[in-house]
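Below: one structure, written as structure tokens.
Quick note: the coordinates plus some simple rules give every number you see, no bench work behind them. Since we're looking at a predicted model, the values are computed, not measured. Here Cβ is always computed from backbone atoms with ideal geometry, including for glycine, and neighbour counts include all displayed protein chains.
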Amino acid sequence: METDQKIEEIMDAADEAKAMRINALDLRGKTIIADHFVICSGTSDTHVRAIAERIQDRMTKQGEKTLRVEGVPTALWILLDYGDIVVHIMREEQRNFYDLESLWEYAPSLQNARDEAKREAAKS
């Protein structure tokens, strides 16, 4: 599966699980960690786990393996590693504290393009 397709599947799965503030950052050429981060928030430990499970289920159905999972026991910040994409699912408090979007502020956000596409689709 192409990276753009993976990002859409991840973001759609997070949206289905009622994740908040879903954002994707394009890190290509900026770090060796991953090409993209997908960042989203949950309202409770249970919600964060449910978002992670929904994403993993969706990606498994698409034939994608999760290479590494971190943070499930506490569910304050769960990390799902898909190689080229790292998914950060955080409680809102952790997200505000670590503020990954500001840390990577020079990385283009894919959320704005996705929101614009949804608005255009709704007009049709």
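The table below gives the values:
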{"item": "Relative contact order (percent, whole number), the chain, Cα cutoff 8 Å, 6+ residue spacing", "result": "27"}
{"item": "Residues Ile7, Ile32 arranged by fewest to most Cβ contacts within 10 Å", "result": "Ile32, Ile7"}
{"item": "Theoretical ellipticity at 222 nm over the chain - DSSP helices of four or more residues, -39500 (n - 2.57) apiece, nearest 500", "result": "-13500 deg cm²/dmol"}
{"item": "For segment 64-111 versus segment 1-50, the gap between their alpha-carbon centres in whole angstrom", "result": "7"}
{"item": "The chain - convex hull of the alpha-carbon atoms, volume per residue in Å³", "result": "110"}
